[in-house]
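The values are calculated or read from the model by the stated rules, or taken from the named source; none is laboratory data. Since the model is a prediction, treat every value here as computed from it, not as a measurement. Here Cβ is always computed from backbone atoms with ideal geometry, including for glycine, and neighbour counts include all displayed protein chains.
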Amino acid sequence: MSWMTFLSGETVALRAIGEEDAPLLKRTINDPRVRRGVAEVGYIIIPEAWGEGHATEAVRLLCEYAFSERRLNKVVSSVYETNPASARVLEKVGFRREVVLRREAFLDAEYVDLRRYGCCPRRETSVSRAEARRKTGQKG
């Protein structure tokens, strides 16, 4: 796989970084096409490992890295409406459902909705809208 394939959005397989990856990382780490502020995460877990927390932990670690090390603004993910367990993985990590794309995906011989989720870094100084309204006496 060439590094241009990665930059064009093709699906890639993840593996541990090795010494042989150093040249690629040095070339791409600050490439403006890579640092656009938003990353997308997807995952597939074999049925034998469902319910063991692997997806939740992987997404949590990826988000921590994306926000603290890469200083990204947002991580997004999409799930089929027929997969509530995957939606729950994202919600446990702090993702919020942002939009439903009606009949966006073709799965098991039928069109299904695709739910798009997003997660932004937590800001220590941020105040929720409800809390801000309470402090200023505004009604909701």
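In segment 63-88, the qualifying residues are those that are among the hydrophobic types (A, V, I, L, M, F, W, C) and closer than 20 Å to Arg115 by Cα, and the one that is surrounded by the fewest Cβ atoms within 10 Å (Cβ to Cβ) is Ala85. The conditions of being modelled with pLDDT under 95, of a type outside the set (A, V, I, L, M, F, W, C) and outside any strand (DSSP E or B) are met by Arg70.
Selection of first residues in segment 100-123 that are free of Cβ contacts under 8 Å to residues at least 60 places away in the same chain and part of a strand (DSSP E or B) and of second residues that are surrounded by 14 or more Cβ atoms within 10 Å (Cβ to Cβ) and of a type in the set (Ser, Thr, Tyr), restricted to Cβ pairs under 7 Å at least 6 apart or on distinct chains, gives the following pairs, ordered by first then second residue: Ala105/Tyr80; Leu107/Tyr80; Val112/Tyr80; Leu114/Ser78; Leu114/Tyr80; Arg115/Ser78; Arg116/Ser78; Tyr117/Ser77. Restricting segment 1-40 to residues that are part of a loop (DSSP other than H, G, I, E, B) and acidic (Asp, Glu), the residue that is modelled with the highest pLDDT is Asp31.
Among the residues of segment 41-60, the ones that are without any contact (Cβ under 8 Å) to a residue 12 or more places away in the chain and outside any loop (DSSP other than H, G, I, E, B) come to 5 in all. Among residues of segment 61-78 that are in contact (Cβ under 8 Å) with a residue 24 or more places away in the chain, those with a Cβ under 7 angstrom from a residue that is surrounded by 14 or more Cβ atoms within 10 Å (Cβ to Cβ) and of a type in the set (Val, Ile, Thr), sequence gap 6+ or separate chain, pair up as Cys63/Val75; Cys63/Val93; Ala66/Val75; Val75/Val41; Ser77/Val41. Considering only residues in segment 108-140 that are under 22 Å from Val59 (Cβ atoms) and surrounded by fewer than 14 Cβ atoms within 10 Å (Cβ to Cβ), the one that is modelled with the lowest pLDDT turns out to be Ser126.
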